[in-house]
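S.K.: One structure, as structure tokens, below. Some questions next.
The values are calculated or read from the model by the stated rules, or taken from the named source; none is laboratory data. In this text the structure is predicted, and so the values were computed from the model without any measurement. Note that we place each Cβ from the backbone using ideal geometry, even for glycine, and neighbour counts take in every protein chain shown.
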Amino acid sequence: MTTGTFLFLAFIVVQRLGELVIARRNTARLMARGAYEVGAGHYPVMVALHSAWVLALLVFGWNQPLHMGWLAFYAVLQVFRVWILGTLGARWTTRIIVLDEPLVVRGPFRFIPHPNYTLVVLEIIAAPMVLGLTWVALVFTVLNAAMLYHRIGVEDGALRGTGRHAAGPARR
């Protein structure tokens with residue numbers, strides 16, 4: 001394994017674990033403010049899907065060289081991630097949490113209805129391509145599309161029930 005490949009894979013693992021910690025903390029704070037969760041039944045499936053994606057990157061990518069064009073694109077996506085997280089602050093979570101407050105409509109939410117989902121779709125493609133794993137990008141893109149089809153429907157339905165318009169989970 002090259003140092004570059006090790007650092008890339010380590011970044012993904014540490015980032016994903018860190019996001020779970022942030023999401024858990026933010027979810028608890030939102031719930032304490034009177035928010036509630038919808039769609040909890042599919043959450044373990046989503047976690048399994050993303051865990052399998054990371055595992056596939058580790059198992060099949062550990063000895064692959066980095067493709068610098070894709071790495072540059074992945075780095076740009078991380079800037080997008082920081083913009084999303086910075087815009088949402090304590091309202092960002094990996095769960096579908098409904099809070100009786102106005103939806104966030106600044107930052108990337110001015111331009112894209114579901115910026116966090118858009119980011120994840122692009123990452124599921126880009127990270128495997130950094131390692132030349134086209135088949136991993138294809139398989140997990142299809143699986144993630146099925147998950148997002150269900151998840152966005154659940155989320156939009158919950159928001160319609162509150163009189164709000166469709167929004168990404170992180171808009172809470």
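S.K.: Kindly provide the set of residues from region 86-105 that are surrounded by fewer than 16 Cβ atoms within 10 Å (Cβ to Cβ) and either under 11 Å from the mean Cα position of the chain (by Cα) or part of a helix (DSSP H, G or I) (or both), ordered by number. Talk me through it step by step, then tell me what you get.
M.R.: Of all residues in region 86-105, those surrounded by fewer than 16 Cβ atoms within 10 Å (Cβ to Cβ) come to 86, 89-90, 100-102, 105.
Within region 86-105, G86, G89, A90 qualify.
S.K.: Does N116 fit the bill of being in a helix (DSSP H, G or I), polar (S, T, N, Q), in contact (Cβ under 8 Å) with a residue 60 or more places away in the chain and in contact with a helix residue (DSSP H, G or I) (Cβ under 8 Å, 6 or more places away or on another chain)?
M.R.: So N116 does not fit the description; no.
S.K.: Any chance you could count how many residues in region 155-172 are closer than 17 Å to V47 by Cα and either surrounded by fewer than 16 Cβ atoms within 10 Å (Cβ to Cβ) or modelled with pLDDT of 95 or more (or both)?
M.R.: Residues that pass the stated criteria total 0.
S.K.: Then there is this: Go through (1) loosely packed, with under 14 Cβ neighbours inside 10 Å; (2) more than 20 Å from E155 (Cα to Cα); (3) not charged (D, E, K, R) for F8 and report which single condition fails.
M.R.: Failing condition for F8: (1).
S.K.: Checking L57 against (1) touching a Leu at 6+ places or on another chain (Cβ under 7 Å); (2) surrounded by fewer than 14 Cβ atoms within 10 Å (Cβ to Cβ); (3) of a type outside the set (K, R), only one condition comes out false. Which one?
M.R.: Condition (2) is where L57 drops out.
S.K.: Could you say whether any residue in region 89-97 is more than 29 Å from F8 (Cβ to Cβ), of a type in the set (D, E, K, R) and out of contact with any strand residue (DSSP E or B) (no Cβ under 6 Å at 6 or more places or on another chain)?
M.R.: yes
S.K.: Which of (1) within 16 Å of the chain's Cα centre (by Cα); (2) touching a residue at least 40 places away in the same chain (Cβ under 8 Å) is the odd one out, the single condition S51 does not satisfy?
M.R.: In the conditions (1) within 16 Å of the chain's Cα centre (by Cα); (2) touching a residue at least 40 places away in the same chain (Cβ under 8 Å), S51 misses (2) alone.
S.K.: For P65, which of the numbered conditions (1) buried (at least 16 other Cβ atoms within 10 Å of the Cβ); (2) outside any helix (DSSP H, G or I); (3) modelled with pLDDT of 95 or more fails to hold?
M.R.: Only one criterion is unmet by P65, namely (1).
S.K.: Just to be sure before I move on: is I22 touching a residue at least 24 places away in the same chain (Cβ under 8 Å), in a helix (DSSP H, G or I) and over 24 Å from A145 (Cβ atoms) in the structure I sent? Reasoning before the result, please.
M.R.: On the way: touching a residue at least 24 places away in the same chain (Cβ under 8 Å): yes; in a helix (DSSP H, G or I): yes; over 24 Å from A145 (Cβ atoms): yes.
Judged against the criteria, I22 is a match.
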